[in-house]
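Some notes on the structure that comes next.
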Amino acid sequence: MARYTDPVCRQCRRIGEKLFLKGERCFSPRCAVEKRKRPPGDHIPRRRRSSDWALQLREKQKARFSYGVLERQFRMYFEAAKESQGVTGEVLLQLLERRLDNTVYRLSFAESRRQGRQLVTHGHFTVNGRKVNIPSFRVGEGDVIAWRRVSDSKPDFVEALTAGIPRRPVPSWLALDVDNLKGEVVSMPDPTEIDSGVDPRLIVEFYSR
């Protein structure tokens, strides 16, 4: 299974803004973007206006880094969105949101999508009662995602959830059952509610060149 193995903070520095790839650390003074605002690598900074292509590329990379997918995977998502009914950019974001690792993150079961990917890969979650260890698994309306209880040990996120302090607001397309450590997909993601900070219009323009 291919995945990005280099330091994820380099991705934030390359984009020039926080993508919140490391959870709580991104809110602390240890955040690499706060400590080193320059892009990674040895270079002489030059002030110049970015071209339209550069802005489109940056937005595409921003989406890729945020959701933790590789270039080939992202292109496949775009092709699937282009062949679907609806606005291509909005459908693209919906497909990315419906990834299982992102759903686990949205339900506050993980501090970041990267951690959500790890938990899913290790087989800690079930979908409709069946263990799923594929981070890119696409959830659908009515699916129930639950923590897979294999012992009496409790995951780290339980204390925050049971204390009524979720890490982030749960979007309206998901319903969280704190007592049973499970969530349900009640509807498809609303594009207006997706807070990825990505402009899908620029991504569509990038692939349309």
| query | By how many nm would the segment from Arg148 to Ala175 lengthen if fully extended, with 0.36 nm per residue of separation less the alpha-carbon distance? | reply | 8.0 nm
| Given labels modelled 7 Å from the Cα in the Cβ direction, how far is it in nm from Val186 to Lys82? | 3.6
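Highest mean first, what order results for 115-127, 195-207 on Cβ atoms within 10 Å?
Working: 115-127: 19.3, 195-207: 17.5.
Ranked from most to least packed, the peptides come out as 115-127, 195-207.
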| Once phi is turned into ³J(HN,Hα) by the Karplus curve 6.51 cos²θ - 1.76 cosθ + 1.60 with θ = phi - 60°, what whole-Hz value does each residue of the range 126-131 show in order, with x for glycine and proline? | 10, 10, 6, x, 10, 5
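Read-outs: derived from the displayed coordinates by stated rules, not from any lab. Computed from a prediction, not measured in an experiment: that's the story for all the values here. Please note: Cβ atoms are built from the backbone with ideal geometry, for glycine as well, and neighbour counts cover all protein chains shown.
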